[in-house]
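To start, the structure itself, in structure tokens.
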Amino acid sequence: MPLFASTIYWHLPILLLVVSFVYSATRHDRWDRILKEAIGWIVRMTSFLGGLGLLLYVLSSQPKLWPYAVGLIAIGTVIYYAFTSNLLREKKVPQPTENPPQPK
Amino acid sequence: MPPPLPSTPEPRKLDPFAAFLSYLVPGLGQVIQGRVAKGLLYFVCLYTMFFYGMWLGQWKNVWLQDCHKLPDMKIAGVGLPNALKDLSYRKEFAGQFWMGAAVWPALVQYFSTPTPDERDVAAEKKRPANGMLGTYMQAPTEAELNDLQNKTDKRWDLGWVYTVIAGVLNILVIYDALAGPVVKDEESPDDAAKGTGGAA
């Protein structure tokens, strides 16, 4: 059966979008942070679900290729964690201290 | 000179009225608080998802079933009252309930529609219309449920999942109206994770 023949999966994007935006909006009030976190969640969920779907599809259609499929997913997992963790990481700006050290 | 003590974060002011408004209509509490764009985001996102889910389920996936003829439910040997027993047979409604006024028609139908025992279900071709609501959010008959699951694809199941997720997400929205966002603007997410300025 073709990968995209089952129409139920075409309804998933709305779930990803709504969950990402609503969850992110409950975390922050600033729109730049809301957008940044929402995009991070969209990327993470899409890549996780897509990778899992691809793995299952390869295993069901080409059973002999399972070592390649598992290897590919492992590499993909490392790349996507590296990407999303960088995307979500906040840049730390040094804050001025209220009581700077006094020269002796 | 001793180092200055770290300042303790001020406790957050709670806004129960805004939380109640956000329960009634997702995002309404935020609009009242002046966070209009955010309120609109919640409203559009959650109502889109909820009614999209209802559409997937052919408008027959939000209801509260009258299960008084089914076996009693007991927790630690104590029987549940009828309403809780019905809820335990239709757990999905516990999630959908948090969509607020949008699911109140299901409650109206539950309390005002004659039960299947009080009417001749086998003989009737359609469920009895209940005033202005008609059969909207009325509990489907067993024959209808069998048809939905046998003659259609899995969209009916996906539909009620969407409505439940929309309701559960609205709990987060209610909390946002009650106590504000988890991370304050002036603090970083790292601080919130450590609990130094998190939710009240």
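The values are calculated or read from the model by the stated rules, or taken from the named source; none is laboratory data. Here the structure is a predicted model, which means the values were calculated and not measured. Positions of Cβ are backbone-derived with ideal geometry, glycine not excepted, and every protein chain shown enters the neighbour counts.
Okay, here's what the table says:
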quantity	calculated
Tally, over segment B:17-37, of residues that are out of contact with any Leu (no Cβ under 7 Å at 6 or more places or on another chain) and either under 22 Å from A:P13 (Cβ atoms) or of a type in the set (V, I, T) (or both)	3
Residue under evaluation B:F93, criteria (1) modelled with pLDDT of 90 or more; (2) farther than 25 Å from B:L46 by Cβ; (3) not aliphatic (A, V, I, L, M), criterion not met	(2)
Enumeration of residues in segment B:142-174 that are over 24 Å from B:F20 (Cα atoms), assigned to a helix (DSSP H, G or I) and either of a type in the set (D, E, K, R) or within 8 Å of chain A (Cβ to nearest Cβ) (or both)	B:E142, B:E144, B:D147, B:K151, B:R155, B:D157, B:L158
Number of the exception - A:A25 against (1) at pLDDT below 95; (2) under 18 Å from B:Q30 (Cα atoms)	(1)
Any pair with Cβ under 6 angstrom, 6 or more apart, that starts in segment A:7-22 at a residue that is at the interface with chain B (Cβ under 10 Å from one of its Cβ atoms) and ends at one that is among the charged types (D, E, K, R) and loosely packed, with under 15 Cβ neighbours inside 10 Å	A:I8/B:K154
Flag for B:F43 being part of a helix (DSSP H, G or I) and loosely packed, with under 14 Cβ neighbours inside 10 Å	no
